[in-house]
Each structure stands twice: as C-alpha cells, then as structure tokens.
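See structure below.
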Amino acid sequence: MSGFLFTVAVLFVVLGVLIFIHEFGHYWAAKRFGVWVHRFSVGMGKPVKALSFQRGETEWAISWLPLGGYVKMASSEEDPSSSVLEGGHSADVPADRVFEAKPVWQRMIIILAGVTLNALFAWVVFTGLAWKNGRQFDPTTTIGRVDAAMLPPEAAELATVPAGTRITAVDGEPVDSWDEIRERIATGDRNEIGLTFEGRAPIVISLHRDALAERGKVAIAIEPQQRAVIGALSPSYPAERAGLQPGDSIVAINGQPIAQWYDAVGLIKASGGTELRLDLVRDGAPLTVAVVPKLEREFPSDTSSAMIGRIGASPLRPFQTESLGFVGALRVGTELTISSAGAIVRTFRGLATRKVATTEIGGPIMIGQMAAQQARAGIEPLLAFMALISMNLAVVNLLPIPVLDGGAFLILLAEGIIRRPLPTRVREVISLVGLGMILLIMFVAFKNDIMRLLGQ
C-alpha cells in the first residue's frame, strides 16, 4: 500500500472509531431516556445508501461528508443548521419521545454523554497501557546537546550550556528524569522557566505560560545525552532492509565521526534521500553498511513542514520501567487523561491570549499523517495517539460554540434558569452563527494543513 493510501486508511479508521464512540454516547443516553433516534451517522450530510441499514426505529449510516458524525433525534422543531449538516429528517413520532419533551436535566445528560465517552475511552487506553507496560522513563538528566537554531530568542542563553551539564531542577522543583524535565518546561504554569544546573549558574527564561510553541521549542532543543547505539528498528524501513541490527554502534556517516545519536540524526535528516555509508561496530568488529534514507514529511513545532530522511532506527535509551499494579495504573491513567485535557485547554487559552497563533491549528490532513506515523510504530503508539485525539474531541466539543455540545449545553442551562424554551428565532440565529464559526475553524485548519504540505 502506498504511503498516501495508508495515511488515508489510518485516518478513516482513527476518526471513524472516535466519532462512533462520541456519537454512541449520545445515542445510548437518548435511548436510555426514551428519545426517538431517527439516524446514527458517521460522517455528515446525506447517508450513502449502500453503507446504511435500518434497525428498528434507527437508521445506521455512513454519510457522504467524511467529517464528524451525528445522532439525529426526533425534535419538535427542525434546526436549520442540522438540516445542512445532517441532511434533515421528518417522521411522525409520539409527542413524549421528542427531545424537547424530556426534562432539562435529561437533555443535559444526553448532550454531555458524547464527550464523556470520549474521555472515558482515553482514560481506559491510558490506564490499560500503563497496567501492561508500567511507567517507562529516561533517568538521564544530563544534557547531550542544545540545538541553538531551534531556541526562541528568549532562551538564547541556553546555547551557552555545554554538553555534559546536569539539570537538577525546573522551576525550583527537583527532577530525576528527562521526561519530567520536558513536561515541566512545556507545561509550566508560570510566565518564566527556571533551570537549575549542577556546577553553573541557573538560567531564567521569560516565556508566557501560554506561549506553547516557544515552550515546546525549548523542551525539544535541549536534548539528553545519548550514545549512537541502535535500540530498535522499524519494520520495512531502510535500516532493517540494509541489515542493521539492535546494538550496532554508529561511529561515522560518510566519513564524519559520530559522537552522539543526534549527530547521526542530523546527517540522516539532511541526506535528501541519497545513499549514506554507515561505519558501525557490531560485537566489537567494524562493519560498513550502505543505507538510502526514506523521505518523509516532518512537522516541526513551528507549524511548518519539511521533507527529511529517515532510516527507521531508534536509539538505545537507558529506559527504566516502574512496574504498576492496578491501582497505580489507574492513577497514571487518570493523570495522563487530565494532563492531555489540560494541554488542549492551554492551547485554546493561548489562542484567546494571542500567545498561540491560528497557524498552529491542525486539521484532518495533519491528524492523518501523525496517525500514520504512529501506526507504523505499532498498535500501542497508535492507541495512545487515538486516546490523545479522543480527549481533543471531548474538549473541543465542550467549547461554548452553538452546534457543538458545549453550546447546546449552555442553551439548555439558560432554558433551565428561565424555566422556558428560548424563542425559536433566537435558537435559529444562534445555530446559524455556530455553524458559521465551525465552518470558519474548518477553513483555517484545512488552510494550515495545505500550507504545511507546501512547506510554507
């Protein structure tokens, strides 16, 4: 299967599963409270007849527009925005089974059931992976190199920190792993990043807490000390096909000495897909292997994209594994669920404070490319990625935008407070405004995806 077809296939699977989970939450809650459900659809617009079937009162469908999904419940009034997005539907149903006939609290539960199931899916995946694999972490706190070109201007002083320097604390809190260092730099809740080193003066970087792109650059630019030893190979990638093996030490590429893993990565990325000569040491004996890197698109933290060389080899890292019992896995799964939701909230907060540019919004194309990368790495990385996207769907749907679950919830809350439905005309206007906002967001996301593909 070609790279493009594989990406499309993975995208449809990932989004299809997560949309189904979300809409099933609405469907289950609606049926639980006796609401008539006309249609359950993955995709928007008119259903594809060949991919649809009737089961009882509900039509189960895949619709033409492969974005989102919906549960079409019986309503006493036709919403103009739903007519556009859901293809409309008319059918006579008992008066007590329409959505508006149910108490406000039941309608609130129905509205929130989708995001609840998305969050529950993420929590189950995070917990399950933690229970199976334990907690893996890199105990290194020693800097291997600082990529000065990636540092934002506010952090330029970090380029003066030499390799071999140990980080002892971030924002005054001691650190004992590289994972902890990166997380605190990227997600700190202060408007500065304080780094404490062993044997040299601390550095304080003035960066707003919502400047997520710049914080991400700092977290990535500081890289841990890492030997140029192959730890694992990706199936069907050039390194595997060329006969490289885990445990091989890379000592030179095209005659250039390699001291750390990053030296090798830099040369491979910049290869342009031309053949490289790797000088290795395997079981104490020298060996030379020719490898032609595969060109793939990379999405740096600065919203642009570039074609880089990859050979499908990952370094031998000194990971330590902390075994977790069921209770420990529940704790880690809960922490990961909360932190992933928090990262998304910080992104929207950054957009509101203009610390995050709209160019950083990604759409289906970027999701598909990232999902394909995770799928090639294995089922567990793909599941972890799906959990992150599931939390993204949950948080995004809670935004107070009409048409989304958060906007619908606020309307119900208002009706509950005033103890009567909002006027029909008001709800129509609100729905159409919400539809316009969603279409604008979709336009920006697609535009950004296309600009990344073009390398701009």
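The values are calculated or read from the model by the stated rules, or taken from the named source; none is laboratory data. This is a predicted model, so every value here is computed, not measured. Positions of Cβ are backbone-derived with ideal geometry, glycine not excepted, and every protein chain shown enters the neighbour counts.
Listed values, structure above:
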item: Residue among Ala169, Ala155, Ala159 that alone is touching a strand residue (DSSP E or B) at 6+ places or on another chain (Cβ under 7 Å), small (Gly, Ala, Ser), more than 21 Å from Tyr262 (Cβ to Cβ) and at pLDDT 90 or above; result: Ala169
item: Test: residue in segment 165-173 that is farther than 30 Å from Leu287 by Cα and within 27 Å of the chain's Cα centre (by Cα); result: yes
item: Filter pass, Pro238 being surrounded by 20 or more Cβ atoms within 10 Å (Cβ to Cβ) and in the same structural domain as Ala290 (by TED's automatic domain parsing); result: yes
item: Qualifying residue in segment 269-279 (condition: touching a helix residue (DSSP H, G or I) at 6+ places or on another chain (Cβ under 9 Å), at pLDDT 90 or above, buried (at least 16 other Cβ atoms within 10 Å of the Cβ) and of a type outside the set (Asp, Glu)); result: yes
item: Test: Gly342 is at pLDDT 85 or above, in contact with a helix residue (DSSP H, G or I) (Cβ under 9 Å, 6 or more places away or on another chain) and either assigned to a loop (DSSP other than H, G, I, E, B) or surrounded by 18 or more Cβ atoms within 10 Å (Cβ to Cβ) (or both); result: no
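Here is a yes/no grid of residues against (1) surrounded by fewer than 21 Cβ atoms within 10 Å (Cβ to Cβ); (2) farther than 19 Å from Gly114 by Cβ; (3) out of contact with any His (no Cβ under 8 Å at 6 or more places or on another chain):
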residue: Phe4; (1), (2), (3): yes, yes, yes
residue: Val17; (1), (2), (3): yes, no, yes
residue: Gly25; (1), (2), (3): no, no, yes
residue: Trp28; (1), (2), (3): yes, no, yes
residue: Met44; (1), (2), (3): yes, no, yes
residue: Ser52; (1), (2), (3): yes, yes, yes
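Listed here are the residues, each with its yes/no results for (1) touching a strand residue (DSSP E or B) at 6+ places or on another chain (Cβ under 6 Å); (2) under 30 Å from Ile411 (Cβ atoms); (3) touching a residue at least 24 places away in the same chain (Cβ under 8 Å).
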site	(1), (2), (3)
Val98	no, yes, yes
Gly128	no, no, yes
Asp138	no, no, yes
Gly144	yes, no, yes
Met150	no, no, yes
Thr165	yes, no, yes
